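One structure is given here, and the rest of the page talks about it.
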Amino acid sequence: VGADYPYEYKRQQRISYLAEQEAHSPERMNKAMSVVTDGNYCVKCHAVADFEPQGELTTLGPNLADVYRRLRPEYLRNWIANPKRILNYTGMPVNIPYQPEHPHLGGISQDLFHGNSIEQVEGLVDLLMNFDIYTRRQTSIGHMVKPATEPAEENSNEDQ
């Protein structure tokens, strides 16, 4: 009632959800960001905020900083896990392969993101669905603000 259309509840964008995830794994968002910014993964083809990748325009993907505004979490999860299952002619590779015979293994290097492939995909989804919150946490404006200076006193002789 009174909700703007289209409205969809996205539990991944709830502060309580993020707090719960961060309590369980405090570095989760940072690790997901390390995957995004590693030159072998997302930034190879995607713009991220003010970063623009090199390459042919026809091979570049959308800006990941805007994903939270455009996609639903379930779609994003399925896309990251296996993009060809959604769009069989996409150029996006499966970056985090799932190995059903070894579900405890991660799809990418444990140095980038410690966890199995499902945890790695979920971490990326959470980061991208909350990219605005994540980047606000990384940038502090307060220390850049300069105090206002007192306005110069007007010369009272000018009135005469």
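The values are calculated or read from the model by the stated rules, or taken from the named source; none is laboratory data. Remember, predicted model here, so these are calculated numbers, not experimental data. Positions of Cβ are backbone-derived with ideal geometry, glycine not excepted, and every protein chain shown enters the neighbour counts. Remember, those area values only see protein heavy atoms, side chains included, never the ligands or the DNA or RNA. Shrake-Rupley method; radii C 1.70, N 1.55, O 1.52, S 1.80 Å.
Helix 15-24 and the longest principal axis of the Cα set of the chain meet at an angle near 60°. Among 57-64, 85-92, the peptide with the highest mean count of other Cβ atoms within 10 Å heads the list, and the full ranking is 57-64, 85-92.
Considering only Gln13, Met33, Ala81, and ranking their Cα positions along the charge dipole of the chain that arises from unit charges at the beta-carbon of Lys, Arg, Asp and Glu, the one farthest toward the positive end is Ala81.
Measure off, as a whole percent, the carbon and sulfur share of the 1.4 Å-probe accessible area of the range 40-160, all protein chains present.
Details: 4440 of 8480 Å².
Carbon and sulfur atoms account for 52 percent of the accessible area of the range 40-160.
Once you order the gyration tensor axes a ≥ b ≥ c over the Cα atoms, which shape class does the range 76-136 get: rounded for a/c under 1.5, otherwise prolate or oblate by comparing a/b with b/c? Oblate, because a/c is 1.5 or more while a/b does not exceed b/c. Per-residue packing, averaged as other Cβ atoms within 10 Å, sorts the ranges 140-147, 30-37, 67-74 into the order 30-37, 67-74, 140-147, beginning with the highest. With the dipole of the chain worked out from charges on the C-beta (+1 for Lys and Arg, -1 for Asp and Glu) around the Cα centre, which of Thr149, Ile133, Val43 lies farthest toward the positive end? So the residue furthest toward the plus end is Val43.
For the range 80-93, the Karplus equation 6.51 cos²θ - 1.76 cosθ + 1.60, evaluated at θ = phi - 60°, returns couplings of 5, 5, 7, x, 5, 5, 8, 9, 5, 9, 5, x, 6, x Hz by residue, with Gly and Pro reported as x.
If you place +1 on the Cβ of every Lys and Arg and -1 on the Cβ of every Asp and Glu, how big does the dipole about the Cα centre of the range 1-135 come out, in debye to the nearest 20? Show your work: numbers first, answer last.
On the way: 12 positive and 17 negative charges, 75 e Å.
Using Cβ point charges on Lys, Arg, Asp and Glu, the range 1-135 gives about 360 debye.
For the range 6-51, applying the loop criterion from DSSP together with a ceiling of 10 other beta carbons within 10 Å to the GluC sites (Glu not before Pro) yields Glu8. The stretch between Ser16 and Asn40 holds 5.4 nm of extra length on full extension. This uses 0.36 nm per residue minus the Cα-Cα distance. Projected label points at Asn78 and Asp132, each 7 Å from Cα along the beta carbon direction, are separated by 2.5 nanometres. A simple spin-label model places the labels of Val145 and Ile86 3.9 nm from each other, with each point 7 Å out along Cα-to-Cβ.
Counting only protein heavy atoms and a 1.4 Å probe, the chain has 71 square angstrom of accessible area per residue.
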